[in-house]
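First the structure, in the form of structure tokens, and then the observations on it.
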Amino acid sequence: MSASAPTLRSLAKVLGLSRTTVSDALRGSKRVDPDTVLRVKKAAREAGYRRNPLAGALMSELRRSRGSAFRGVLAAIDFNEPDRPDDALRYHRELVTGAEERAVELGFKVEKFSVGHAGVSVQRLDSILQSRGINGVILLPAWDEPDLSNLDWTQFAGIYTDYIIERPALHSVCPDHYRSLLAALQRLAALGYRKPGLFLKKHQDERLQYRWGAAFRAFQESHPDIVAVPPLFADTITPENFTKWFRRHSPDVVVGHSTDAIQWMEDCGAKVPATHGFACLNAHMKTRPCAGLDLQPRTLGARAAELLIAQLQRNETGIPEWPSTTTIPGRWMDGPTLRTSVSARNTT
């Protein structure tokens, strides 16, 4: 074979096959005899051939659109999990919206797929994506450990929009939870709060490799003027275990995901924000107005689309040798559940 970069045409000439047969064989099409598929793939490996996923997507899209303007396609894959909290849906929608908006600016569009319980199987998803020439996938956060190892990752580039994914290990884009909580606690201290309390479902910290808890403890240990309140970690946060913790430790400001805690605090005699404060760790999960952190899912979705498209443009499909993580800090949002100045500080 010549010293120039191998192409479908040059492979076809050496193998004595048509260009279409070689192309179908490299895509694993069932229309090609399995022995021929093996022979073509072996020759491609030996020649150092690498397919261009954008070129494949272009031809697939042109065939479907009959020559209209080309727009590359990315897949946004959600994991259909029956045990995932319902309040995560809004966050996921914002992620997809951010990816869609940025993808359009870069000449792509995003199509949504659901996999797992009540969705398509991983094997079926692999077939759908390959048949439609979709080589870029954005994986939305999973509540449990996701597993997409059965996708043929030689054909795909992927970005996970949460912390760690192991099956397979992919590049990821996610909030900087540690930095975000430190900044929130500093904000609360500037408002005069001296006894912050944190409550979390255990799984909400475990799935982030304990970054929420680590930031909270680090802040307590590095600020001698802050009264250390043991965080409340439980499999489920209930009015009963929250009330017991709140009465025992008397935090002057409470930080957590569920805004139901505001009512539980008031049931204990607190007056929010006159005597006590509350801040939500993820403003997209709140069910009533409050202060807290906007983890910026639209920005995360946009960055995921940018990084994924860049991989495709570099022809980088497959599982990366060294997965990287891009983090974006949350944005503080003032709200009616906190005092507005130090002068209003509760001294009781």
Label-point gap, in nm, between Glu105 and Arg19 - each point 7 angstrom along Cα→Cβ:
3.7 nm
Do any of Lys244/Lys286; Lys13/Lys41; Lys41/Lys112; Lys244/Lys271; Lys112/Lys201; Lys201/Lys244 go past 20 Å between their Cα atoms, and which?
Lys244/Lys286; Lys41/Lys112; Lys112/Lys201
Just one of [x] 1.25; [y] 1.00; [z] 1.09 is Cα Rg over 2.2 N^0.38 Å as worked out from the coordinates here. Which one is it?
[x]
In the chain, with Lys and Arg counted as +1 and Asp and Glu as -1 at Cβ, which of these residues, Gly277, Gly136, Ser149, has the Cα nearest the positive end of the dipole, that is, farthest along it?
Gly136
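Multiplying the sequence separation of Ala274 and Ala118 by 0.36 nm and subtracting their Cα-Cα distance, what value in nm do you get?
Stretched fully, the Ala274-Ala118 segment lengthens by 51.5 nm.
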Multiply the residue separation of Thr325 and Asp147 by 0.36 nm, subtract the distance between their alpha-carbon atoms, and state the gained length in nm to one decimal.
62.2 nm
Counting only residues 5 or more apart in sequence or on a different chain, those whose built amide H sits under 5 Å from that of Leu139 are Ile77, Ile159, Tyr160, Thr161
Let's test the formula: R0 of 41 Å, r as the Cβ-Cβ distance of Arg93 and Glu221. What FRET efficiency results, to the nearest 0.05?
0.65
Counting other beta carbons within 10 Å of each residue's own, what order do Met333, Met285, Met265 fall into, fewest first?
Met333, Met285, Met265
Calculated [θ] (222 nm, deg cm²/dmol) that DSSP helices of n ≥ 4 give over the chain, each run adding -39,500 (n - 2.57):
-12000 deg cm²/dmol
Just from the alpha-carbon atoms, what are the Rg and Dmax of the stretch 8-50 in angstroms?
8.9, 24
Computed lengthening from Ser250 to Ser341, 0.36 nm per intervening residue step minus Cα-Cα distance
30.7 nm
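Every read-out reported here was derived from the displayed coordinates using simple, explicitly stated rules and does not represent laboratory data. The shown structure was predicted, so the numbers you read here are calculated from the model rather than taken from an experiment. A quick note on method: Cβ atoms are made from the backbone with ideal geometry, for glycine too, and the neighbour counts reach across all protein chains shown.
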